[in-house]
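No lab work stands behind these numbers, since they all come straight from the coordinates. Computed from a prediction, not measured in an experiment: that's the story for all the values here. Every residue, glycine as well, gets a Cβ built from its backbone with ideal geometry; the counts of neighbours run over all protein chains shown.
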Ligand code: THU
């Protein structure tokens, strides 16, 4: 559903994402492109933003939906955005318009990640 709200006039590649938060709530996002191409936002970024706006900073599962026979996994930047709010063991589910695809843990997608624990305590 979120995917159908995507604003993707340049790539025409519609993506939807949903994150399940630690309170059992689902937050959705879609990609929002921009004529200045690098300013576009991925669906996962939108879903995380909705989660934070709703008052949660922990996601326990992630879904990414795109069309086609190649399963969509989060881009590199989104993997980093996700690790901010997820455990390494958090499942990342893939899907196209007709089926669920393979699932990964976030650690599989972003091994040896950099995160808040690497920073000196404030
Ligand atoms: N895109 C996402 O929204 N999420 C992904 O995981 C992969 C790529 C978007 C970005 C851009 O709007 C379009 O898909 C083509 O790259």
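Quick notes on this one:
- Some residue of the range 17-26 being farther than 20 Å from residue 109 by Cβ, more than 12 Å from the ligand (Cβ to nearest atom) and part of a helix (DSSP H, G or I): no
- Qualifying residues in the range 35-45 (those that are in a loop (DSSP other than H, G, I, E, B) and in contact with a strand residue (DSSP E or B) (Cβ under 8 Å, 6 or more places away or on another chain)) - the one nearest to the ligand (Cβ to nearest atom): 42
- Qualifying positions in the range 51-90 - part of a helix (DSSP H, G or I) and either surrounded by 13 or more Cβ atoms within 10 Å (Cβ to Cβ) or in contact with a strand residue (DSSP E or B) (Cβ under 6 Å, 6 or more places away or on another chain) (or both): 51, 52, 78, 79, 80, 81, 82, 83
- Answer residue from the range 7-16, given it is out of contact with any helix residue (DSSP H, G or I) (no Cβ under 7 Å at 6 or more places or on another chain) and in a loop (DSSP other than H, G, I, E, B) and is surrounded by the most Cβ atoms within 10 Å (Cβ to Cβ) among those: 8
- Out of 86, 75, sole residue that is free of Cβ contacts under 8 Å to residues at least 40 places away in the same chain and in contact with a helix residue (DSSP H, G or I) (Cβ under 6 Å, 6 or more places away or on another chain): 86
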